[in-house]
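Every read-out reported here was derived from the displayed coordinates using simple, explicitly stated rules and does not represent laboratory data. Because the structure is a prediction, the values reported are computed rather than measured. For neighbour counting, all protein chains shown are included, and Cβ atoms are generated from backbone atoms with ideal geometry for every residue, glycine included.
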Amino acid sequence: MVIDYQLTGLPKNLSKGKLEIINQNLKYLFWLVDKEYLTKIDPENPWPPKNHGIPFNKVKMIDKATVHYQSTFNLNGEERNENFKLENTMLLFDFSSLVPAKELKPFTVVLPVGNE
């Protein structure tokens, strides 16, 4: 599964070092988790339950100037969601590694499901 995204609100002209830190962190900040197991993640030791989440992705920078990336999740890798269905999967992102933590109201992102 490939997720295409752009980071906005970052300072202009990030240094090469800052971009490398962001690139490294993005591999671990996105998770795909079976939504029925979301509440079973231990906040003290956060990790998706075995066979119900993918905690790693391969990150590719598409455009440095616009901070545009793609993350690729291996749905058949060692860490997996056994009964993967897009409509039953949540994309989790740990913003606190990129910006200071701030309490946000919950929100939902609905992804279109194609026939491809």
Practice problem: Rank these for me by crowding, D94, D4, going from fewest to most other beta carbons within 10 Å. | Solution: D4, D94
Quiz item: What aspartates and glutamates sit close enough to K60 to cross-link, taking a C-alpha to C-alpha distance under 14 Å and skipping anything fewer than 8 places away on the same chain?
Solution: D4, E20
Practice problem: In a Gaussian network model over the chain where Cα atoms closer than 10 Å are linked, find which of L38, L104, L91 has the largest mean-square fluctuation. | Solution: L104
Self-check item: Selection from T89, Y5, P48 lying farthest towards where the dipole of the chain points positive, charges on Cβ
Solution: Y5
Self-check item: Computed Kirkwood radius, in angstrom, where 1/r is averaged over Cα pairs of the chain
Solution: 15.5 Å
Practice problem: May I ask you to derive the relative contact order of the range 2-97, considering only C-alpha pairs under 8 Å and at least 6 residues apart, and to give it as an integer percent? | Solution: 37 percent
Practice problem: Just tell me which aspartates and glutamates come within less than 14 Å, Cα to Cα, of K50; anything on the same chain fewer than 8 places away is out. | Solution: D34, E36, D42, E78, E79, E82
Practice problem: Just add up the charged neighbours of I41: K/R +1, D/E -1, any other residue whose Cβ is under 14 Å from the Cβ of I41. | Solution: -3
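Report the local net charge at T108: Lys and Arg +1, Asp and Glu -1, summed over other residues whose C-beta lies under 14 Å from its C-beta.
Net local charge, T108 excluded: +1.
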Quiz prompt | GNM flexibility winner over the chain from F56, F84, F73 (Cα, springs under 10 Å) | solution = F84
Self-check item: Only Lys, Arg (+1) and Asp, Glu (-1) charged, at Cβ; the chain dipole about Cα centre in debye
Solution: 460 debye
